[in-house]
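Novice: Would you mind keeping the following structure in view while I ask a few things?
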Amino acid sequence: MERNRQTYRFLLLYALAAAGGAIAYVPFLTILLPMRITDIGGSNDVEWLAYVTFAGAVTASLANILFGWLSDLTRNRKYWVIGGLIGSSLLLTAMSQVKSIEMMIVLVVVWQFALNMMLSPLAAWAGDCVPDSQKGMLGGLLSFSPAMGAMAAALITYPGLASQDTRLLIVASMVTICVLPAILFGAPKKFPELESSPQNTAPSEPVSSIARSTILRMWVARLLIQISEAALFAYLYFWFRSIDGSMTDSNVARIFSVILVGSIPLALIVGRWADRTNRPIVPLPVNAALAGIGLLAMALSNSLETAIGGYVLFGLTSAVFLALHTSQTLRVLPKPERRGRDLGIFNLTNTGPSLVVPWLTLALVPLFGFSSLFFLLAGLAFLASLLLIRLPKIS
């Protein structure tokens, strides 16, 4: 039995590397970049941050597909990961020298290019090394990544720890410490069946209509949940303040942190259950439906307690959904020879919502309030659940 399982050493080191990937962008995009934009752009910081974020998101989307495809062609993920690690780390530390908004946009675009040279092959590497019988556990381990990214952001902004420029160097160092051990010491077992199509299936053979339907449903379901995630990530603080003016940014940050940490054991338990029962997809529609219920509670809440309760339910179940969806996506992709490219296409569900959510929010909230937004997001979550319930059985 053990011969058909990847080593725990690789799984743990890979989870650490994936967390390093989150550390590479969460502190910078959520805290360090906005602070730098304010220093350079002054009173126009919000407008300039929107331009920088938009350019970065478009670049990340295209670069993730490109480097996934290139790592497919070369059949070597590790070299691309190392190259992206070096390039993104150097570019990150160079941000401290930028003196103009125009140069910041250019540097962020190039940094996103290098960052996705690391992230895309790193994601595909898991598909090359982790058999289907352990993909639930892999999903549980991947739930560490968002928490590690948030913890890194909290650490580098601790009062008196480091100057603004030194923080960039600290982030780059943390990423290197997390990613390199998997590259140098992971030594994963080889599973030839994971790295190429079966002998009776040519790489160029068309994908069946059932497989295409499964992939499309998985893609759309993740996009719908990610839209809800992105909306709450951006506007959660404003919503809590609209319910109770005494809520501070520190209160919201603590709630957010508790949810991220709490989702880790929950994702590990659910992922292990999916492996043991050979029911890999079942947790996905269940968690999507529970996330929808949480959003309905938020839409209907008229007190801080019910608002927090609804958000906790949504936050925990959506975090488990996203972690397990990431690992189970590796199961349904039909062509190992195209795994990196296909994961890059799935990555559009991560970057796309950041381009959609601001306009969605502006269209609803000023006229109808936050409740209208949450009703819509709940509908999207229930639709995601319905799409996945109707998937054909996957073993």
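Every number here is computed from the coordinates shown, using simple stated rules; none is lab data. These numbers were taken from a predicted model, which means no experiment stands behind them. Cβ sites come from the backbone with ideal geometry, for glycine too, and all protein chains shown count toward neighbours.
Novice: Would you work out which of P285, I227, G369 lies farthest towards the positive end of the dipole of segment 209-389? Charges go on Cβ: Lys and Arg +1, Asp and Glu -1.
Specialist: Positive-most Cα among the choices belongs to P285.
Novice: On full extension of the chain, what length is gained from E305 through V58, given 0.36 nm per residue of separation minus the C-alpha to C-alpha distance?
Specialist: 85.1 nm
Novice: Relative contact order of the chain, please, whole-number percent, based on alpha carbon pairs below 8 angstrom and at least 6 residues apart.
Specialist: Across the chain, relative contact order equals 28 percent.
Novice: Separate question: Taking R0 as 30 Å, what's the FRET efficiency between F191 and I86 from their Cβ-Cβ distance, rounded to 0.05?
Specialist: Once rounded, the FRET efficiency stands at 0.60.
Novice: Where does each of S133, S71 land when they are ranked from fewest to most other beta-carbon atoms within 10 angstrom?
Specialist: Listed from fewest to most nearby Cβ atoms, that is S133, S71.
Novice: Putting +1 on Lys and Arg Cβ atoms and -1 on Asp and Glu Cβ atoms, find which of I37, T306, A319 reaches farthest to the positive end of the dipole of the chain.
Specialist: Farthest along the dipole direction, towards plus: A319.
Novice: Could I ask something else about it? Can you work out the Karplus-derived ³J(HN,Hα) for every residue in segment 292-299? Use 6.51 cos²θ - 1.76 cosθ + 1.60 with θ = phi - 60°, whole Hz, and x for glycine or proline.
Specialist: Residue by residue, segment 292-299 yields x, 5, x, 5, 4, 4, 5, 5 Hz.
Novice: Counting other Cβ atoms within 10 Å, keep those with at most 14, restrict to DSSP loop, and tell me which trypsin sites (Lys or Arg not before Pro) in segment 78-155 are left.
Specialist: Answer by residue number: K99.
Novice: Here's something else I'd like to know. With +1 on each Lys and Arg Cβ and -1 on each Asp and Glu Cβ, and nothing else charged, work out how big the dipole of segment 266-395 is about its Cα centre, in Debye to the nearest 20.
Specialist: Computed charge dipole of segment 266-395: roughly 620 debye.
Novice: Okay, next question. If you average the sequence gap of Cα pairs under 8 Å that are 6 or more apart and divide by the length of segment 2-187, what percent do you get for the contact order?
Specialist: 46
Novice: Just to be sure I understand: with springs between alpha-carbon atoms less than 10 Å apart, which residue in G21, G310, G41 has the highest mean-square fluctuation in the Gaussian network model of the chain?
Specialist: Checking each option, the largest mean-square fluctuation is seen for G41.
Novice: Go ahead and estimate [θ] at 222 nm for the chain from helices alone: -39,500 (n - 2.57) per DSSP H run with n ≥ 4, summed, over the residue count, rounded to 500.
Specialist: Value at 222 nm, helices only: -27000 deg cm²/dmol.
Novice: Let me ask something else. Taking the Cα centre of segment 102-196 as origin, work out the dipole magnitude from +1 charges on Lys and Arg Cβ and -1 charges on Asp and Glu Cβ, in debye rounded to 20.
Specialist: Dipole size: approximately 220 debye.
Novice: Taking only pairs that are 8 or more places apart or on different chains, how many Lys pairs in the chain have Cα atoms under 26 angstrom apart?
Specialist: Lysine pairs, 8 or more places apart or on different chains, close enough: 11.
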